[in-house]
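Data block below; observations after.
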Amino acid sequence: MDTKLVVSLLAVIGGVFSQCTDKIHIVGAAGINDTANGVYLKQNVSCDDRDVFRHTDHAVYLYHIGGDPDGYWMVRVDLSCKDNNTDNGLVRAPGVDVNPGDVQNDWEDYDGNKWIVNQEISVTCYEIPSCRHQLMGANNQTLNGYYDVIDDGSTECSWRDMYKHENVEAYLYFVHSSTQSAYYWVVGDSPCDDVIDNGAYLQNEDYTVSPLTIDSVWMELDGNTYVPNDNITIDCIAVEEDSGLSGGAIAGITIGCAAAVGGIAGGVGYYVKRK
């Protein structure tokens, strides 16, 4: 099925729950420019009076540069706001739009010599659904329960959202382990700390953007040893909001859209369960 239809369905899911402000999803970049594909997070800087986004996996940036007549949204391997060389980039599209997800002009790949229109490139809103993350199956039962995104101005660890248990001092977050030279999702009592060797309650070596899409087995601390626990799951529990739709209706819409996108895009969609 057409790539743009897939991302359009993803955008519908995001639109049901939240505004497109913090995360951008790029698909379709080809050849030597395929490193442009992926998820980008908004940074605390701007270029040309517009937000700057950084790739979640490596140092690649999406931002706007000025120029005649409208300037360009560009994906580059460096952050150089004053470099108006429109040939310096991986992917680009002309436009004055405030958000790259609103650009209506064709996106282009650079083949090393010239820019080529690539109508498979889509740049859209990428939003993890506004839901409560429910962790279940831990042998340490105090860790089971709801984890909600922290909203205190420091909501990310290593380019991923951070979550706090609703009742106890336990945090779900993503961290780079300097000792293991690997990235982990962990549950621990010290948010953003590298606790892989110092007693994280749960750990999972998985690079995925959201804990909802972890597909490897969690390791649980048992005394001084980590042991596999394949009973641990993290599910998305729909939040009822005053949106004119009941929680059941929202959950039903999301399940249908997510299932459709998951089937089309190989499991990209999120699955929302009813309470």
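The values are calculated or read from the model by the stated rules, or taken from the named source; none is laboratory data. The structure presented is a predicted model; accordingly, all values stated were derived computationally and were not measured. FYI the Cβ positions are ideal-geometry reconstructions off the backbone, even for glycines, and counts take in every protein chain you see.
Specify which of the listed residues (84, 105) is outside the structural domain of residue 162 (by TED's automatic domain parsing) and either farther than 17 Å from residue 46 by Cα or in contact (Cβ under 8 Å) with a residue 24 or more places away in the chain (or both).
Answer to the selection: 105.
Return the residues of region 213-238 that are touching an Asp or Glu at 6+ places or on another chain (Cβ under 9 Å) and more than 13 Å from residue 136 (Cβ to Cβ); say none if nothing qualifies.
Residues satisfying the conditions are 213, 214, 215, 216, 217, 219, 226, 227, 228.
Starting from residues that are of a type in the set (Ser, Thr, Tyr) and at pLDDT 85 or above, keep the ones in region 1-52 and report whichever is surrounded by the most Cβ atoms within 10 Å (Cβ to Cβ).
Per the stated criteria, the residue is 40.
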